[in-house]
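The values are calculated or read from the model by the stated rules, or taken from the named source; none is laboratory data. The model shown is predicted, which means the values in this text are computed figures rather than measured ones. Here the Cβ positions follow ideal geometry from the backbone for every residue, glycine too, while neighbour counts run over all protein chains shown. Heavy atoms of the whole protein, side chains included, go into the accessibility calculation; ligands, DNA and RNA do not. Shrake-Rupley method; radii C 1.70, N 1.55, O 1.52, S 1.80 Å.
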Amino acid sequence: PPATSITLSGRAYPGRAVTLLKDASIVSSAAAGSDGSFSLAVSGLSAGNYIFSVYSEDKDGNRSSLHTFPVAITAGVTTNVSGIFVAPTVAVDKQEVKRGETITLFGQSAPAAVLTITVNSDEPFFLHADAGADGAYVYHFDSSLLEYGDHTASSKAILASQLVSNVS
């Protein structure tokens, strides 16, 4: 009988493991290629509805947010899910700053991705950075622009003007 399986493919961080979960349990993991592309396959599935998720960890050990999607699996069919773009990671070099100090925001995405970093303040700041060949990006932000208080940052990536990631 034909296999009942799923193949998932997309972009993540080059050379880093991409982990696949089925209904919140790890079922597969594989390293992304040097261009960030990955492909994961699971066979021997039963027909039914599943929740699949993928995530990756960057070179600094920071984990991406989960990219989660429901999939209906049909018996005897290989289901292909493509165009997955793992969200970039985002981190900062310090947890507390004096007004005017530089905050370095950094993370990893697919190579050559264009990143939009959002720094949340009374008025949010939208910053742009380009990922290098290794997917790494860095932005040095002047904290004198921020209001006093707590702030958060997030990032999302665009690749080749068509693939858009979820928010980190």
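List the number of the failed condition for Asn49; all other conditions in (1) in contact with a Pro (Cβ under 9 Å, 6 or more places away or on another chain); (2) in a loop (DSSP other than H, G, I, E, B) hold.
(2)
Considering Arg63, Arg99, which residue is closer than 30 Å to Ser143 by Cβ, touching a helix residue (DSSP H, G or I) at 6+ places or on another chain (Cβ under 6 Å) and basic (Lys, Arg)?
Within the list Arg63, Arg99, the selection yields Arg99.
Suppose we filter region 53-82 for residues that are among the small types (Gly, Ala, Ser), farther than 16 Å from Val27 by Cα and touching a strand residue (DSSP E or B) at 6+ places or on another chain (Cβ under 6 Å); how many remain?
Residues flagged as among the small types (Gly, Ala, Ser), farther than 16 Å from Val27 by Cα and touching a strand residue (DSSP E or B) at 6+ places or on another chain (Cβ under 6 Å) within region 53-82 amount to 3.
Would you confirm whether or not region 12-35 contains a residue that is touching a Lys or Arg at 6+ places or on another chain (Cβ under 8 Å), free of Cβ contacts under 8 Å to residues at least 60 places away in the same chain and part of a strand (DSSP E or B)?
Yes, region 12-35 contains a residue that is touching a Lys or Arg at 6+ places or on another chain (Cβ under 8 Å), free of Cβ contacts under 8 Å to residues at least 60 places away in the same chain and part of a strand (DSSP E or B).
Out of Asp23, Asp35, report the one residue that is among the acidic types (Asp, Glu), in contact with a Phe, Trp or Tyr (Cβ under 7 Å, 6 or more places away or on another chain) and open to solvent by 20 Å² or more (accessible area, probe 1.4 Å).
Asp23
For region 85-106, which positions are surrounded by fewer than 20 Cβ atoms within 10 Å (Cβ to Cβ), of a type in the set (S, T, N, Q) and touching a residue at least 40 places away in the same chain (Cβ under 8 Å)? Quick ask: steps written out before the conclusion?
The initial filter retains those residues of region 85-106 that are surrounded by fewer than 20 Cβ atoms within 10 Å (Cβ to Cβ), namely 91-104.
This time we only want the ones that are of a type in the set (S, T, N, Q), so: 95, 102, 104.
Result: Thr102, single match.
For Ser56, only one of the following conditions fails: (1) closer than 22 Å to Thr118 by Cα; (2) of a type outside the set (Val, Ile, Thr); (3) assigned to a loop (DSSP other than H, G, I, E, B); (4) modelled with pLDDT of 95 or more. What is its number?
The failed condition is (3).
With touching a residue at least 40 places away in the same chain (Cβ under 8 Å) and open to solvent by 40 Å² or more (accessible area, probe 1.4 Å) as the only criterion, which of Ser143, Ser82, Ser109 stands out?
Working: Ser143 fails: open to solvent by 40 Å² or more (accessible area, probe 1.4 Å); Ser109 fails: open to solvent by 40 Å² or more (accessible area, probe 1.4 Å).
Of Ser143, Ser82, Ser109, the one residue that is touching a residue at least 40 places away in the same chain (Cβ under 8 Å) and open to solvent by 40 Å² or more (accessible area, probe 1.4 Å) is Ser82.
What are the pairs with Cβ atoms under 7 angstrom where one residue, in region 39-54, is buried (at least 16 other Cβ atoms within 10 Å of the Cβ) and the other, located anywhere, is of a type outside the set (D, E, K, R) and assigned to a loop (DSSP other than H, G, I, E, B)? Sequence gap at least six, or different chains.
From region 39-54, the pairs are Leu45/Thr4; Ser53/Leu66; Val54/Val86.
This table checks each residue for (1) open to solvent by less than 20 Å² (accessible area, probe 1.4 Å); (2) touching a residue at least 40 places away in the same chain (Cβ under 8 Å); (3) closer than 17 Å to Ile103 by Cα; (4) not acidic (Asp, Glu).
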position: Ser121; (1), (2), (3), (4): no, no, yes, yes
position: Phe125; (1), (2), (3), (4): no, no, yes, yes
position: His128; (1), (2), (3), (4): no, no, yes, yes
position: Ala136; (1), (2), (3), (4): no, yes, yes, yes
position: Tyr139; (1), (2), (3), (4): no, no, yes, yes
position: Glu147; (1), (2), (3), (4): no, no, yes, no
position: His151; (1), (2), (3), (4): no, no, yes, yes
position: Gln162; (1), (2), (3), (4): no, no, no, yes
position: Val167; (1), (2), (3), (4): no, yes, no, yes
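Looking only at region 134-145, count every residue that is among the small types (Gly, Ala, Ser) and modelled with pLDDT of 95 or more and tell me the total. Walk me through how you get there before you give the answer.
Going through region 134-145, the residues among the small types (Gly, Ala, Ser) turn out to be 135-136, 143-144.
Add one more test, that the residue is modelled with pLDDT of 95 or more, and what stays is 135-136.
The total comes to 2.
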